[in-house]
Amino acid sequence: MRRAMLVFVILMFLPLAALAGSDTPKTFLIHVKSSLNSHDARTVVMPHVALTALLQGYKVIILFDDEGVRAIKIGHWYGGHTTPLDKIALPEEEFRSLSALLGVPPASIPDNYGDFLRFLKGKGVELLANKVAMDLRNIGGGRFDHAVTPVSIEKMVELFERAAVTVAY
């Protein structure tokens with residue numbers, strides 16, 4: 001069921017790549033509003049959508065907002081220096097799927113969703129978070145994944161205005 005949903009979502013966005021034919025890559029904004037703290041469809045699909053959009057030539061931005069900022073929180077409840085996403089292992093089928101998509105051996109694929117997001121950042125995906133939402137949930141002072149950059153509400157408005165495509169999770 002998850003696999004079918006993943007394939008459906010990825011295929012749903014492939015026609016949008018045809019619209020991205022200019023010299024300047026169009027922005028694909030992923031607005032993460034849910035906590036992503038369990039192994040559910042949103043947690044599995046969102047990074048795949050980001051990777052697929054990136055491979056299709058988009059400039060990809062993942063913006064953590066609202067409850068989504070909880071996914072980047074580091075704290076003792078999550079094992080010291082880890083986030084909830086670091087605690088969610090990629091299933092074996094994900095290793096095979098990502099391996100085929102990227103053309104690399106399965107052993108080079110990150111083994112959890114926190115590392116997968118940082119892997120995406122290394123490929124050029126921007127990871128941002130609503131600073132106000134972080135402050136409201138007492139996520140500051142270094143208690144968040146530093147692969148993610150906190151941004152102001154004004155910056156968020158600019159991102160929404162500029163994005164060619166926006167999807168929410």
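Couple of notes before you dig in:
- Filter result for Ala100 (open to solvent by 20 Å² or more (accessible area, probe 1.4 Å), among the aliphatic types (A, V, I, L, M) and outside any loop (DSSP other than H, G, I, E, B)): yes
- Of all residues making up segment 47-64, the number that are over 9 Å from Ile30 (Cα atoms), part of a strand (DSSP E or B) and within 11 Å of the chain's Cα centre (by Cα): 0
- Lone qualifier among Asp135, Asp86 - being outside any loop (DSSP other than H, G, I, E, B) and surrounded by 13 or more Cβ atoms within 10 Å (Cβ to Cβ): Asp86
- When we screen Thr43, Thr27 for residues that are buried (at least 18 other Cβ atoms within 10 Å of the Cβ), modelled with pLDDT of 50 or more and within 21 Å of Ser97 (Cβ to Cβ), the only hit is Thr43.
- Test: residue in segment 107-120 that is open to solvent by 70 Å² or more (accessible area, probe 1.4 Å) and either polar (S, T, N, Q) or farther than 21 Å from Thr27 by Cβ (or both): yes
- The lone criterion from (1) of a type outside the set (A, V, I, L, M, F, W, C); (2) out of contact with any Asp or Glu (no Cβ under 9 Å at 6 or more places or on another chain); (3) touching a residue at least 40 places away in the same chain (Cβ under 8 Å); (4) open to solvent by less than 70 Å² (accessible area, probe 1.4 Å) left unmet by Asn130 is number (2).
- Annotation note: Cβ proximity below 8 Å between a residue of segment 147-167 that is under 15 Å from Phe28 (Cα atoms) and surrounded by 13 or more Cβ atoms within 10 Å (Cβ to Cβ) and a residue that is at pLDDT 95 or above and small (Gly, Ala, Ser) (sequence gap 6+ or interchain) occurs for Val165/Ala53.
- Taking first residues from segment 81-94 that are under 10 Å from Asp145 (Cα atoms) and among the β-branched types (Val, Ile, Thr) and partners that are part of a loop (DSSP other than H, G, I, E, B) and open to solvent by less than 60 Å² (accessible area, probe 1.4 Å), the Cβ contacts under 7 Å between residues at least 6 apart in sequence or on separate chains come to Thr82/Ile74; Thr83/Ile74; Thr83/Asp145.
- Among the criteria (1) assigned to a loop (DSSP other than H, G, I, E, B); (2) open to solvent by 20 Å² or more (accessible area, probe 1.4 Å), the one Leu36 does not fulfil is (2).
The values are calculated or read from the model by the stated rules, or taken from the named source; none is laboratory data. Source: prediction; values computed, not measured. Positions of Cβ are generated from backbone atoms using ideal geometry, with glycine treated the same way; all protein chains shown enter the neighbour counts. The accessibility values were calculated without ligands, DNA or RNA, using every heavy atom of the protein model including side chains. Shrake-Rupley method; radii C 1.70, N 1.55, O 1.52, S 1.80 Å.
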